[in-house]
Amino acid sequence: STIFVMNIESNITDIFNNNLRNIESLVTEEPFLSKLYYFVAYIVFTSFSLPVAGLMGLLGGVIFDTIDAIILVSFASSIGALFSFWLSRYLLRNYLSHKYKSYYLLINEGFTKNGGSYLFAIRMCMIFPYFIVNSLAGLTTIKPWLYYVITQIGMLPGTIIIIILGSKLEEAFT
């Protein structure tokens with residue numbers, strides 16, 4: 001059974017390394033298109049609150065130069081967060097605010113009084129899942145432009161850390 005597990009592990013590693021080489025060759029041959037595809041995919045995934053932001057950030061660190069990856073991930077994640085925010089606001093807010101009126105009023109009041117500070121603290125500490133913060137903030141009355149700016153700035157330190165981790169993973173695989 002040990003031989004079987006080692007065989008599966010080596011096959012998965014081979015598959016991963018082969019796919020990584022294919023992606024890296026695409027990045028080398030088509031740098032603009034590969035960045036565009038990555039950027040759009042990141043926005044789509046985060047817009048629909050798919051919990052893949054961390055993996056996408058690591059992948060960006062693996063396949064792109066560090067500065068390029070930071071720029072791509074920073075803007076794609078913030079734009080995707082804004083789209084997720086809007087989806088939550090326009091599809092769920094009325095229903096949830098009526099169903100849970102007392103809770104909604106309490107949370108919304110806190111965001112109204114201290115929304116920017118709350119959001120900035122949440123973005124900086126990275127304790128709360130990215131996709132949940134996007135959806136919950138959309139239920140409040142925080143202004144979209146303020147949400148975007150605070151999200152862009154507040155997520156930047158975490159983005160940089162994830163990109164650097166991804167670049168170190170890339171070094172480990174080569």
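The values are calculated or read from the model by the stated rules, or taken from the named source; none is laboratory data. Note that the coordinates shown come from a computational prediction; the quantities given were computed from them, not determined experimentally. In this analysis, Cβ positions are derived from the backbone assuming ideal geometry, glycine residues included, and neighbour counts consider all displayed protein chains. Note: accessible area is taken over every heavy atom of the protein model, side chains too, but ligands, DNA and RNA are not part of it. Shrake-Rupley method; radii C 1.70, N 1.55, O 1.52, S 1.80 Å.
Hull volume per residue, based on the alpha-carbon atoms of segment 39-137 and their convex hull, is 96 Å³.
In the chain, carbon and sulfur make up what percent of the accessible area (probe 1.4 Å)? Summing carbon and sulfur atoms, their accessible area is 72 percent of the total for the chain. Taking each residue as 0.36 nm, the span from LEU105 to GLU30 lengthens on full extension beyond its C-alpha to C-alpha distance by 22.0 nm.
Here each label is just a point 7 Å from Cα along the line to Cβ, and for ASN94 and ILE161 those points are 4.0 nm apart.
Highest mobility in the GNM of the chain, judged by mean-square fluctuation with C-alpha springs under 10 Å and restricted to ILE160, ILE150, ILE127, is found for ILE127.
Among SER34, SER74, SER135, the largest mean-square fluctuation in a Gaussian network model of the chain, built with springs joining Cα atoms closer than 10 Å, belongs to SER34.
Any idea what the relative contact order of the chain is, in percent, if you count C-alpha pairs under 8 Å spaced at least 6 apart?
Over the chain, the number comes to 31 percent.
Its DSSP H runs of at least 4 residues, each contributing -39,500 (n - 2.57), put the calculated 222 nm mean residue ellipticity of the chain at -30500 deg cm²/dmol, to the nearest 500. Stokes-Einstein diffusion of the chain at 4 °C, 1.567 mPa s viscosity, Kirkwood radius from Cα pairs, rounded to a whole number: 73 µm²/s. For the pair MET124 and ARG21, the difference between a 0.36 nm per residue extended length and the Cα-Cα distance amounts to 33.7 nm. Please identify every one of the chymotrypsin sites (Phe, Trp or Tyr not before Pro) in segment 92-174 that sits in a loop by DSSP and has no more than 15 other beta carbons within 10 Å of its own beta carbon. When the chymotrypsin sites (Phe, Trp or Tyr not before Pro) of segment 92-174 are filtered for loop state and at most 15 Cβ neighbours within 10 Å, TYR100 remain.
Per residue, the chain exposes 61 Å² of accessible surface when a 1.4 Å probe is rolled over the protein heavy atoms with every protein chain present.
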